[in-house]
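Working notes, structure below.
Since every read-out is calculated from the coordinates, none of them should be taken as a lab result. Everything numeric in this text was worked out from a predicted model, so none of it was measured. Here the Cβ is made from the backbone with ideal geometry for all residues, glycine too, and neighbour counts use every protein chain on show.
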Amino acid sequence: MRVLTGIQPSGKLHLGNYFGAMKPSLALQEENEVFLFIANYHAQTTIRDGALLRDYTHNVALDFLACGLDPQKTAFYRQSDVPEVHELAWLLSVVCPMGLLERAHSYKDKTARGVDANHALFAYPVLMAADILCVNAEQVPVGKDQKQHLEIARDLAGKFNRQVGEEVFKLPDPIIRDSVAIVPGVDGQKMSKSYGNTIEIFGNPKKTRKTIMKVVTDSAALEDSKDPDTCNVFALYKLFADEAEQAALAERYRAGGMGYGEAKKALADKFEAHFEPYRAKRAALEADPDFVNDVLREGAAKARKAMQPVLTAARAAVGLE
Ligand code: ADP
Ligand code: TRP
């Protein structure tokens, strides 16, 4: 199956991104032809500082490679290294009714939150459709928030095909990752960089431990029985622990006599054991920027090779060739 997904380099990756997006994306590479890209054009809608965008982009590349992305299996690239998507975005704009974009939730939500209302933000779903259709991806794994964008991509593919009377584009199937639990942040709300409640996966280890010790809990006393199912610390612990470990900690919650401090320490230990090997790998990659740049360059070359025949067919169908 040809699978494509993208991640915006709009901040330091946190546990929500890791369990909600990164880990499932990395699992795909075992059985599929995977295209995974860093959506730096999309991130420009919120990041205007060039040095920061460059830094976040490089960091996302390091994070994915450290956590197990295999460049032999996955075409891993920066969106800005594949100019084909921009040309296709134009061809799709031509068949895109204004109403379709006016109905998009993400534009309304983002402008309501103070993001600049500009053409790039408005046209964001068209560029996203181009990312997908340019490689004729069959499946696109995304979070729930991206569902409407996938509908727009399918819609544009269908409109284009109907207009030219040929099946230039396959209609991509969304794979909505709603089976993945919402990872709670330190304050118990959904972990998100916009709420400032994140636990970064590659933050300073000492600071991260301190952050974990601040995860909010109820005020049950040490001797009280506690409910694991409503506890944020337990919800985070579950992400790292196998079933036996989860059952053992749940049992201790219910029995009473264990304070939340101890559960937080167990969580911090799990976090460190999980990320320590990746941290070491990341440090080695950080010391070898040429390797990382080569991976991205080769990934872009692979992606462009897949994109060129699709773009040529689209250009020919509309009379540009
Ligand atoms: P943020 O909310 O921090 O801005 P993004 O919206 O950039 O994060 O997240 C990118 C992807 O990471 C999302 O589409 C979603 O799949 C996943 N994700 C983010 N936060 C969480 C969370 N708290 N729980 C589960 N998945 C998450
Ligand atoms: N809009 C997606 C997000 O914010 C990122 C993205 C851009 C994407 N282009 C894509 C995801 C194409 C999947 C396919 O998470």
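Listed peptides 228-241, 94-107 appear in the order 228-241, 94-107 once ranked by packing, highest mean of other Cβ atoms within 10 Å at the front.
Which whole DSSP H helices in the chain pass both tests: a Cα extent of 27 Å or more along the axis and a mean Kyte-Doolittle value no lower than -0.5?
Values: long enough: 260-286 (37 Å, -0.89); 289-318 (41 Å, 0.01).
Passing helices, by number: 289-318.
The orientation-averaged projection of the convex hull spanning the C-alpha atoms of the chain amounts to 17.5 square nanometres. What pairs in Lys190/Lys226; Lys190/Lys264; Lys73/Lys170; Lys12/Lys302; Lys108/Lys281; Lys144/Lys210 have C-alpha atoms more than 29 Å from each other? Lys108/Lys281; Lys144/Lys210, as the Cα separations exceed 29 Å there.
Could you order the peptides 110-122, 268-280, 133-145 from most to least packed, using the average number of other C-beta atoms within 10 Å per residue?
Values: 110-122: 12.2, 268-280: 15.5, 133-145: 20.2.
Ranking, from highest mean packing down: 133-145, 268-280, 110-122.
For the chain, what is the calculated [θ] at 222 nm in deg cm²/dmol (nearest 500), taking -39500 (n - 2.57) for each run of four or more DSSP H residues and dividing by its residue count?
On the way: 13 runs with 172 residues, N = 321.
Value at 222 nm, helices only, nearest 500: -17000 deg cm²/dmol.
Extending 7 Å from the Cα toward the beta-carbon at both Asp145 and Asp290 defines two label points whose distance is 3.9 nm.
Length gained on full extension, Lys207 to Arg54, computed as 0.36 nm times the residue gap minus the Cα-Cα distance: 52.6 nm. Potential lengthening of the chain between Asp227 and Lys73 amounts to 51.2 nm, from the contour at 0.36 nm per residue minus the alpha-carbon distance. The modelled label-to-label distance for the pair Lys108/Ile176, using points 7 Å beyond Cα in the direction of Cβ, is 1.7 nm.
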